[in-house]
Amino acid sequence: VHVKMLAAPINPADINMIQGTYAILSPLPAVGGNEGVGEVLEVGSRVAALKPGDWVIPATSGLGTWRTQGVFPERMLLKVPSDIPVLCAATLSVNPCTAYRMLADFETLAPGDSIIQNAANSGVGQAVIQIAKASGIKTINVVRDRPDLPKLVERLMALGADHVVTEEMLRKPEMKDIFKSIPKPRLALNCVGGKSTTEMLRHLQPKGTMVTYGGMAKQPVMVPVSAFIFRDVRLRGFWITQWRKDHEQGELGVSFPTQPIL
């Protein structure tokens, strides 16, 4: 399949691959970029499911999307609708999928339940807010303090966030006021590590689950022993690349779920 790339984002994992520190590395010489959307220009005689004009995204990591054009086996591509914004299509396969799977796979959440997440203004964080809102799940969203904090809070609230707090606010007594109107979260999503993780964990329900999918602070996840003994919290990890490998279906690559969470 001959593809013309339309747009390709830069994710932290892309930089890690270039640095040689990621869990999977492409054989050299390699083209960077694991995500993006392209338009099919031509197809070979044995291509069955794609035609010129179709939009496609990578079915797996390591495709090398930072290029103008490329020729790929059909099994390495997934067709997507061509009537969605190009930037949405280009960022569809990593962050929204990660958000969906973390909300669906680790705790059985019902409308009215709540979750807490750090790095709430990240690509995954914004997807979590929107998916949770559509599912009736309340979100407590943690962000770093910054000069333009009111603008960020306004933007996240417009996406559907219920509460937006800074990492410093996590440690203050005012956090108790939030839980007067919503239950304590059963699920915590961690993309930062270090102190942010420790403070977020304090607000998790007993027997709740914290899922780590990133480590932007480059600090270890630190958990008090008491959280394990007296509250029986669970710590899990998530990597969308591994999820895809575990759910491959035959030669056509990945089958994404069509059913909503609830």
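Every number here is computed from the coordinates shown, using simple stated rules; none is lab data. Just so it is clear, the structure is predicted and the values come from calculations on it, not from any experiment. Glycine gets a Cβ as well: all are built from the backbone with ideal geometry, and neighbour counts include every protein chain shown.
How large is the direction-averaged shadow of the alpha-carbon convex hull of the range 33-174, in nm²? Intermediate values should be presented prior to the final figure.
Details: hull surface 44.5 nm².
Mean projected area for the range 33-174: 11.1 nm², to one decimal.
List the trypsin sites (Lys or Arg not before Pro) within the range 1-71 that fall in a DSSP loop (any state other than H, G, I, E or B) and whose Cβ has at most 10 other Cβ atoms within 10 Å.
Arg46
Each residue of the range 13-21 in order: what ³J(HN,Hα) in whole Hz does its phi give by Karplus 6.51 cos²θ - 1.76 cosθ + 1.60, θ = phi - 60°, with x for Gly and Pro?
Values, residue by residue: 4, 4, 5, 4, 5, 5, 6, x, 9 Hz.
What are the lysines whose alpha-carbon lies under 28 Å from the alpha-carbon of Lys172, with same-chain residues fewer than 8 places away excluded?
Candidates past the 8-residue exclusion: Lys133, Lys138, Lys151, Lys180, Lys184, Lys195, Lys207, Lys218.
For the range 203-213, in order, what is each residue's ³J(HN,Hα) by Karplus, 6.51 cos²θ - 1.76 cosθ + 1.60 with θ = phi - 60°, in whole Hz (x at glycine and Pro)?
Coupling constants for the range 203-213: 9, 7, 4, x, 6, x, 10, 10, 10, 9, 10 Hz.
Compute the angle between helix 95-105 and the longest alpha-carbon principal axis of the chain, please, reported from 0 to 90 degrees and rounded to the nearest 10.
Around 60 degrees separate the two axes.
Roughly how big is the chain's charge dipole about its Cα centre, with Cβ charges of +1 (Lys, Arg) and -1 (Asp, Glu), in debye to the nearest 20? Numbers along the way, then the final one.
Values: 28 positive and 23 negative charges, 126 e Å.
So the dipole magnitude of the chain works out to roughly 600 debye.
Ignoring solvent entirely, what values of log10 I(q)/I(0) come out of the Debye formula for the range 1-116 at 0.16, 0.19, 0.22 Å⁻¹ when each Cα is a single scatterer?
The computed values of log10 I(q)/I(0) come out as -0.79, -0.99, -1.19.
So who's got an amide H within less than 5 Å of the one on Leu78, skipping anything under 5 residues away but keeping other chains? H placed 1.01 Å off N, in plane.
Ile57, Ala59
Tell me which GluC sites (Glu not before Pro) from the range 138-223 have a DSSP coil assignment and no more than 13 other beta carbons within 10 Å of their own.
Hits after loop and neighbour filter: Glu168, Glu174.
Using the Karplus equation 6.51 cos²θ - 1.76 cosθ + 1.60 (θ = phi - 60°), what ³J(HN,Hα) coupling, rounded to whole Hz, does each residue of the range 147-153 give in order, writing x for Gly and Pro?
x, 9, 3, x, 5, 5, 4
Could you quote the convex hull projected area for the range 1-56, Cα atoms only and averaged over all directions, in nm²?
So the mean shadow area of the Cα hull is 4.8 nm².
What nm distance separates the two modelled labels at Glu168 and Glu42, each placed 7 Å from Cα along Cα→Cβ?
So the two model labels end up 6.0 nm from each other.
Hull surface divided by four, with the convex hull built on the Cα atoms of the range 95-242: how many nm²?
Taking a quarter of the hull surface, the average projection is 8.4 nm².
Output the antiparallel fraction of DSSP beta bridges having both residues in the chain, as a percent to the nearest 5.
45
Which semi-axes, in whole Å and largest first, does the equivalent ellipsoid of the range 161-235 have when worked out from the alpha carbon gyration tensor as the square roots of 5 times its eigenvalues?
19, 16, 11
From the alpha carbon gyration tensor of the chain, can you work out the equivalent ellipsoid semi-axes (sqrt of 5 times each eigenvalue) and give them in Å, largest to smallest?
Square roots of five times the eigenvalues give 36, 19, 18 Å.
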